[in-house]
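Novice: One structure is given below, represented as structure tokens, and several questions about it will come after.
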Amino acid sequence: MHSALRLGYEGSARLARLGASLARLLPSSDVKALRALRARVGIRDRYRAWSATYRDRSRPLLWIHAPSVGEGLQARPVLELMRQRHSDVQLAYTHFSPSAESFARSLDVDFRDYLPFDSEADARAALDALRPTALVYAKLDVWPTLSAVAHSRGVRLGLVSATLAEGSSRRSRLATALLRDAYASLDAVGAIDAADASRLVDLGVNRSSITITGDTRYDQVWQRAQRVDRTSALLSRLSTERPTLIAGSTWPADERILLPAFASTRTASPVARLVIAPHEPTSAHLDPIERWAKEQRLQLDRLGAATASTDVVLVDRVGVLGDLYAIADVAFVGGGFHDAGLHSVVEPAAFGAPVLFGPRYHGSRDALLLVRNGGGRSVTDTASLTEAIVTWIGDSATRLAAGAHARQLVEGGLGAAGRSLRVVESLMGLATFA
């Protein structure tokens, strides 16, 4: 990294750390940026405290970093296999986003916390505490300062389920200048496919370090779909013959299209039901949906009070969407009507639900594949979304065929977790299990 760019980057990390100190003086808030800042208060002490009590220096340690839930889902199968096959290895998991807090708590790891801001002092403190044998990133996020300090200490660096969209901002001149050294320092990379591998080489990854492994999320969502208990209190209470649209990880931009489309759908199918799970189930996000349902004279209940007779089920908690897709006739996945990115379309696909999403999906490899194989459709406005829902709800043969295509996509990607584990085992210097 150019010296001037390095100084600017280090300065921004220090400013973020100062912001964390100031944020703790503010009242509690649901604003994600403030939560992210406040979470870093005392982070070095938390790392050191865990190290002093629990770090066994006689055992190797694998540190996996996944910024948010989506990347965490890619990391989980690798962590689970590592735990099963190498019980002597200590596991550390870090994340960046507050949305991943509850997900992190669900993992069977020895240490979990936020990733510190990417300053040299924080990187040294984290590495001093964890003493990792290998540091592995999930999907794409590679932190330049942490990587540089880890590399200088002989820590092996890797990347699993690596993917890079054609139009990714990481291919810009500034991002390349900032991140090229970090990508070049990676010792082993498991890329999702050959096109991703080629684009990663353009970022600076050594071609000889790359193995094509596929995407570990396919294993993760498939296992969850196979394990789901349809007789559970949650699902049995909601099970019905009514055609059900599950809308997952929605944002207000999605809901401006989705809600009127569902109201129109009810004209063609008066018993149709909507289960909607906003990405951030805060009052600011939930209250407008409740007002809309009241205006439409639809019976809305929060998830805890909902039954089969509820017209609109409003999911006011996180962690249950992956199970709720089990009762979907049709799925709508949020994020495609704004610039933040489309959420996971493979979760509903694993259950054999055809998937709908907005027009901004070209950064999602999974969505592109679903459109290509007939398991998913992109919609651009309320009218096209209404038409797609009504078609799939009203024509069971067409719906089931599309759902089968969606499920086949996931089945075709199975085995990536084992291949990715072998990449990580090579970094750790561990014997590979067949």
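The values are calculated or read from the model by the stated rules, or taken from the named source; none is laboratory data. Because the structure is a prediction, the values reported are computed rather than measured. Note that each Cβ is placed from the backbone with ideal geometry, even for glycine, and that neighbours are counted across all protein chains shown. With ligands, DNA and RNA removed, areas are computed over all heavy atoms of the protein, side chains included. Shrake-Rupley method; radii C 1.70, N 1.55, O 1.52, S 1.80 Å.
Novice: Specify the residue that is surrounded by the most Cβ atoms within 10 Å (Cβ to Cβ); the eligible residues are those in the stretch 162-210 that are among the polar types (S, T, N, Q) and more than 22 Å from the chain's Cα centre (by Cα). If you could, list the steps in order and put the result at the bottom.
Specialist: In the first step, residues of the stretch 162-210 are kept if they are among the polar types (S, T, N, Q); the result is 163, 168-169, 172, 176, 185, 198, 206, 208-209.
Still in the running and more than 22 Å from the chain's Cα centre (by Cα): 172, 176, 185, 198, 206, 208-209.
Working: Ser172: 10, Thr176: 14, Ser185: 20, Ser198: 13, Asn206: 15, Ser208: 8, Ser209: 22.
Filtering first and then ranking leaves Ser209.
Novice: How many of the residues in the stretch 212-266 are buried (at least 24 other Cβ atoms within 10 Å of the Cβ) and of a type in the set (D, E, K, R)?
Specialist: The number of residues fulfilling the criteria is 4.
Novice: Still on this model: Just the residues that are modelled with pLDDT under 70 and open to solvent by 70 Å² or more (accessible area, probe 1.4 Å), please, taken from the stretch 1-18.
Specialist: If the condition is that a residue be modelled with pLDDT under 70 and open to solvent by 70 Å² or more (accessible area, probe 1.4 Å), then His2 is the only one that fits.
Novice: Still on this structure, I have one more. Can you work out which of the residues in the stretch 384-399 that are in contact (Cβ under 8 Å) with a residue 12 or more places away in the chain and of a type outside the set (Lys, Arg) is farthest from Leu135 (Cα to Cα)?
Specialist: Residues of the stretch 384-399 in contact (Cβ under 8 Å) with a residue 12 or more places away in the chain: 385-386, 388-390, 392-394, 399.
Add one more test, that the residue is of a type outside the set (Lys, Arg), and what stays is 385-386, 388-390, 392-394.
Details: Leu385: 43, Thr386: 46, Ala388: 44, Ile389: 44, Val390: 48, Trp392: 45, Ile393: 46, Gly394: 50 Å.
By that ranking, first place goes to Gly394.
Novice: Taking the stretch 267-286 as the region of interest, how many residues are under 18 Å from Ala305 (Cα atoms), among the aliphatic types (A, V, I, L, M) and surrounded by fewer than 16 Cβ atoms within 10 Å (Cβ to Cβ)?
Specialist: 0
Novice: For a quick check of your reading of the model, give me the residue pairs whose first member lies in the stretch 146-165 and is over 25 Å from Thr213 (Cα atoms), whose second is polar (S, T, N, Q) and assigned to a loop (DSSP other than H, G, I, E, B), with beta-carbon atoms closer than 9 Å and at least 6 apart or on different chains.
Specialist: Short answer, once both residue conditions are applied: Ala148/Ser185.
Novice: Quick check, is Leu174 assigned to a helix (DSSP H, G or I) and either touching a Gly at 6+ places or on another chain (Cβ under 6 Å) or not acidic (Asp, Glu) (or both)? Steps first, please.
Specialist: On the way: assigned to a helix (DSSP H, G or I): yes; either touching a Gly at 6+ places or on another chain (Cβ under 6 Å) or not acidic (Asp, Glu) (or both): yes.
It is true that Leu174 is assigned to a helix (DSSP H, G or I) and either touching a Gly at 6+ places or on another chain (Cβ under 6 Å) or not acidic (Asp, Glu) (or both).
Novice: For the stretch 305-327, state whether one or more residues are of a type in the set (S, T, N, Q) and either closer than 21 Å to Ser106 by Cα or open to solvent by 50 Å² or more (accessible area, probe 1.4 Å) (or both).
Specialist: Narrowing the stretch 305-327 to residues of a type in the set (S, T, N, Q): 307, 309-310.
Adding the requirement that they be either closer than 21 Å to Ser106 by Cα or open to solvent by 50 Å² or more (accessible area, probe 1.4 Å) (or both) leaves 307, 309.
Within the stretch 305-327, one or more residues are of a type in the set (S, T, N, Q) and either closer than 21 Å to Ser106 by Cα or open to solvent by 50 Å² or more (accessible area, probe 1.4 Å) (or both).
Novice: Out of all the residues in the stretch 330-338, is one or more modelled with pLDDT under 95, open to solvent by 20 Å² or more (accessible area, probe 1.4 Å) and within 29 Å of Ser168 (Cα to Cα)?
Specialist: First, the residues of the stretch 330-338 that are modelled with pLDDT under 95: 338.
Filter again for open to solvent by 20 Å² or more (accessible area, probe 1.4 Å), leaving 338.
Next cut, within 29 Å of Ser168 (Cα to Cα) only: 338.
Within the stretch 330-338, one or more residues are modelled with pLDDT under 95, open to solvent by 20 Å² or more (accessible area, probe 1.4 Å) and within 29 Å of Ser168 (Cα to Cα).
Novice: Can you tell which of Glu80, Glu166, Glu71 is part of a helix (DSSP H, G or I), under 26 Å from Ala340 (Cα atoms) and charged (D, E, K, R)? Give the derivation first.
Specialist: Numbers: Glu80 fails: under 26 Å from Ala340 (Cα atoms); Glu166 fails: part of a helix (DSSP H, G or I).
Matching residue, one of Glu80, Glu166, Glu71: Glu71.
Novice: Which residue pairs have Cβ atoms under 9 Å apart, sit 6 or more places apart or on different chains, and have a first residue in the stretch 79-105 that is closer than 20 Å to Ser51 by Cβ and crowded, with 20+ Cβ neighbours inside 10 Å and a second that is among the acidic types (Asp, Glu) and at pLDDT below 95?
Specialist: Here the result reads His95/Glu71; His95/Glu101, each pair linking the stretch 79-105 to a residue that is among the acidic types (Asp, Glu) and at pLDDT below 95.
Novice: Could you please find all residues in the stretch 270-311 being β-branched (Val, Ile, Thr) and either assigned to a loop (DSSP other than H, G, I, E, B) or closer than 14 Å to Arg237 by Cα (or both)? So that I can check it myself, show each step before the final result.
Specialist: Here is the first cut: in the stretch 270-311, the residues β-branched (Val, Ile, Thr) are 271, 275-276, 282, 289, 307, 310.
Within the stretch 270-311, Val271, Val275, Thr282, Thr307, Thr310 qualify.
Novice: Between a first residue in the stretch 42-66 that is assigned to a helix (DSSP H, G or I) and a second residue that is open to solvent by 30 Å² or more (accessible area, probe 1.4 Å) and of a type outside the set (Phe, Trp, Tyr), which pairs have beta carbons less than 9 Å apart while being 6 or more apart in sequence or on different chains?
Specialist: Arg44/Ala121; Tyr47/Asp128; Arg48/Asp128; Trp50/Asp110; Ser51/Asp128; Ser51/Arg131; Tyr54/Asp110
Novice: Grab the helices (runs of 4 or more DSSP H) fully contained in the stretch 350-434, keeping just those with 1 or more residues being under 18 Å from Ile327 (Cα atoms), modelled with pLDDT of 95 or more and out of contact with any His (no Cβ under 6 Å at 6 or more places or on another chain). Explain how you work it out, then say what you get.
Specialist: Numbers: elements: 365-373, 382-394, 396-412, 416-428.
Answer list for the stretch 350-434: 382-394, 396-412.
Novice: Also, I was wondering about something else. In the set Ser68, Ser21, Ser28, which member is surrounded by fewer than 20 Cβ atoms within 10 Å (Cβ to Cβ), within 30 Å of Val345 (Cβ to Cβ) and either at pLDDT 85 or above or not aromatic (Phe, Trp, Tyr) (or both)?
Specialist: On the way: Ser21 fails: within 30 Å of Val345 (Cβ to Cβ); Ser28 fails: within 30 Å of Val345 (Cβ to Cβ).
So the residue among Ser68, Ser21, Ser28 that is surrounded by fewer than 20 Cβ atoms within 10 Å (Cβ to Cβ), within 30 Å of Val345 (Cβ to Cβ) and either at pLDDT 85 or above or not aromatic (Phe, Trp, Tyr) (or both) is Ser68.
Novice: With respect to Asp202, is the statement that it is farther than 15 Å from Tyr325 by Cβ, part of a helix (DSSP H, G or I) and at pLDDT below 95 true? Let's see the steps before the verdict.
Specialist: Numbers: farther than 15 Å from Tyr325 by Cβ: yes; part of a helix (DSSP H, G or I): yes; at pLDDT below 95: yes.
So Asp202 fits the description; yes.
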